[in-house]
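Heads up: the structure comes next, in structure tokens.
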Amino acid sequence: MAYAISDECISCGACEAECPVNAISAGDGKYVIDAATCIECGACAGVCPVGAPSAQ
Ligand code: SF4
Ligand code: SF4
């Protein structure tokens, strides 16, 4: 289980700095979460302006 970023992402980058385990990085057209690293803290969802990250 992990969080994932939907296509709603506008690549603002706000979530990347909030992740305590550095699981988020810029991808092709949106930011992406490394599912193997994510600890499901929810910090990314808390800062995203468009609600793109959600628990899967
Ligand atoms: Fe990082 Fe937490 Fe978001 Fe997982 S839920 S990607 S650990 S900020
Ligand atoms: Fe994308 Fe939201 Fe992260 Fe910004 S905060 S890069 S819109 S997922």
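No lab work stands behind these numbers, since they all come straight from the coordinates. Note that the structure is a prediction, hence the values are computed from the model and not measured. Methodologically, a virtual Cβ is constructed for each residue, glycine included, from the backbone with ideal geometry; neighbour enumeration extends over all protein chains shown.
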**OP:** Go through the range 27-53 and count every residue that is surrounded by fewer than 15 Cβ atoms within 10 Å (Cβ to Cβ), within 10 Å of ligand 2 (Cβ to nearest atom) and within 16 Å of ALA2 (Cα to Cα).
**Re:** 2
**OP:** Quickly run through the range 36-54 and pick out the residues that are more than 10 Å from the chain's Cα centre (by Cα) and of a type in the set (A, V, I, L, M).
**Re:** ALA36, ILE39, VAL50
Original post:
Do any strands (runs of 3 or more DSSP E) entirely within the chain hold 3 or more residues that are of a type outside the set (Val, Ile, Thr) and in contact with a strand residue (DSSP E or B) (Cβ under 8 Å, 6 or more places away or on another chain), and if so, which?
Top reply: 53-55
Original post:
In the range 1-26, how many are over 13 Å from ALA45 (Cα atoms), of a type in the set (A, V, I, L, M) and within 7 Å of ligand 2 (Cβ to nearest atom)?
Top reply: 1
